[in-house]
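Asks: My questions will all concern the structure given below.
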Amino acid sequence: MPFRLTLATLIAPLLLTSQLLAQAAPQQPVNPAQPRTQASVALGNALQQVSIASAHLRRTLTSVNVPKWKAPGDIRQTTASDVDSMQRDVSDTLPSLINTALADPAKISPAFSVYRNVDALYDVLLRVSETAQLAGSNDARMLEEQRAALEDARTQLGAALVQSTQVQDAEVVHLRAAAVEAPPPPPAKTVVDDGPATKSKSTTTKKKGTTHKPATTPPAPAPTTPQ
């Protein structure tokens, strides 16, 4: 169900942005040792948008009054449980996941955990927003606004995740190609050390200062003359 947005409604979130940024700022700074690529910058910006959207939603949920909705009791009970679940998520679980992902935007897995959480949160918020519209509640307008804001943040985060994944896939392909082109390293030579060489027992040793005289041949006998 479309709603007519007033100028005050459009300006109010902008006036609260600076305050919400301070409240939703990550507790862990970005690791300066990691290079900031275009993909990691886009992912970091998307995570910040999710943080802002969740902070707005947290403020909105505190003013939702489900017991006053014109709906059957079981529906009001289910909706109140959904609202409590969303409040716990945007107060504790989601900010913790965002802080972890912002600590190193070059990593995809922490940001993907944020996306999964936001995706589940969006489904619950959509259900609550539609119920509020059917019940004719005054909370329907602000819930629909928060649903649209969370959807935009989720879309931006999804696009940033796709971009980061494509960059990492390209890096993997490049590394594999470089590994194939690189020549194999030369085989390592194994040197066996058997210890100091030992002399053979058959080797004769010469005594110091001893000289060997050559053997003398006895003189041949003189020839005899016949008589």
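Asks: Within the group ALA101, ALA71, ALA106, which residue is in contact (Cβ under 8 Å) with a residue 40 or more places away in the chain, assigned to a loop (DSSP other than H, G, I, E, B) and under 30 Å from VAL167 (Cα atoms)?
Replies: Exactly one residue qualifies, and that residue is ALA106.
Asks: Also, quick follow-up: Are any of the residues in segment 168-176 in contact (Cβ under 8 Å) with a residue 60 or more places away in the chain and aliphatic (A, V, I, L, M)?
Replies: The answer is no, given that none of the residues of segment 168-176 is in contact (Cβ under 8 Å) with a residue 60 or more places away in the chain and aliphatic (A, V, I, L, M).
Coordinate-derived values only; no laboratory data. The shown structure was predicted, so the numbers you read here are calculated from the model rather than taken from an experiment. Note that each Cβ is placed from the backbone with ideal geometry, even for glycine, and that neighbours are counted across all protein chains shown.
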